[in-house]
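**Q** The structure is given below, and queries will be raised subsequently.
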Amino acid sequence: MIRSFKRIVRWAFLCSSLVGGSVLLGAPQALADCKPAHSFETLTPGVLSVAAWVFPPYSIPGPGNQLSGVDGEIIKRIAARECLDIKLTVVDPAAVVQSVIARRADVGIGDWYRTAERSKVLGLTAPLYLDVMGIISSEGYSKISELEGQRIGTVQGYLWVDDLKKAFGDNLVLYPNPVAMAQDLAAKRIALGIDSFAVGVASQQKGAYRGMSIKVSEPDPRVKATLEPGQTSFPHTKANTALSVALNENIQALHASGEIAEILGSFGLDKQAANVGAPRLVE
């Protein structure tokens, strides 16, 4: 998978039971006496149209037309502050970005990197959180130097893949999704795995990686993503500058109040991932 459309094939099979469905989620504040924090237009007045894919722990459309996950909880709080209902459409991962570009959705969710290529066709919000690299092993490894000489698996599309190729060569095995990597790790066809720390934690909560340690990788100059983790954002309609301002100011407010850190913690993730630093784009 190319970096500009990060991980669009991972866990795509999980979407099959939900893809194509749209549902209106009512925000309690979306009442006649609600005063929105900003003034901007959406595709449908009074409604924030959101394109999502199934990607725990970030984007979790669930039974009963519920929306959860880190991104889901953040966008619900923003919609509430703006007195908007959410119209949720669950699509394949590749279709999230296309839905926004084609103006079928105002916003997309699901752990999208802020990249220079993506910024050419999309609005990208202020950073939400950092997507940090995790090492999955029985030994409790946390350093790149500890992995020398071992057969390592990782998932395609991450910022660290090219650097790991340079560092480990033929000892690196690429997988299309975390499920395939977890299966090979359980079967001992690889010695350890490297994935997004958050995705590894979510997988372990669902029964994968039993008895294994998942640790955030310590910084190593050979792998730039350990020094400067990718910042994530909500891709949105580029031409709608008022929407962009509203999203950015709401995100900044949620950072200032500690709510984004709180949301990360509620999904078992490191609250420090909310310390995003100055906005930057991955080239």
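**Q** Being more than 21 Å from the chain's Cα centre (by Cα), farther than 30 Å from Arg104 by Cα and not basic (Lys, Arg): is that true of Leu172 here? Give the derivation first.
**A** Values: more than 21 Å from the chain's Cα centre (by Cα): yes; farther than 30 Å from Arg104 by Cα: yes; not basic (Lys, Arg): yes.
So Leu172 passes the test.
**Q** Failed condition for Gln204, given (1) closer than 19 Å to Ile60 by Cβ; (2) buried (at least 22 other Cβ atoms within 10 Å of the Cβ); (3) not charged (D, E, K, R), with all others met?
**A** (2)
**Q** Looking at segment 41-49, is at least one residue modelled with pLDDT of 95 or more, surrounded by 18 or more Cβ atoms within 10 Å (Cβ to Cβ), under 22 Å from Val179 (Cα atoms) and in contact with a Ser or Thr (Cβ under 9 Å, 6 or more places away or on another chain)?
**A** no
**Q** Of these, Ala116, Ala80, Ala94, which one is closer than 19 Å to Gln252 by Cα, surrounded by fewer than 23 Cβ atoms within 10 Å (Cβ to Cβ) and aliphatic (A, V, I, L, M)? Full working, then the answer.
**A** On the way: Ala116 fails: closer than 19 Å to Gln252 by Cα; Ala94 fails: closer than 19 Å to Gln252 by Cα.
Going through Ala116, Ala80, Ala94 in turn, just one is closer than 19 Å to Gln252 by Cα, surrounded by fewer than 23 Cβ atoms within 10 Å (Cβ to Cβ) and aliphatic (A, V, I, L, M): Ala80.
**Q** Yes or no: segment 142-154 includes at least one residue that is among the hydrophobic types (A, V, I, L, M, F, W, C), crowded, with 23+ Cβ neighbours inside 10 Å, touching a strand residue (DSSP E or B) at 6+ places or on another chain (Cβ under 6 Å) and in the same structural domain as Asp33 (by TED's automatic domain parsing).
**A** No, that holds for no residue.
The values are calculated or read from the model by the stated rules, or taken from the named source; none is laboratory data. None of these values were measured; they are calculated from a predicted model. Using ideal geometry, Cβ is built from the backbone for each residue, glycine included, and neighbour counts are taken over all protein chains shown.
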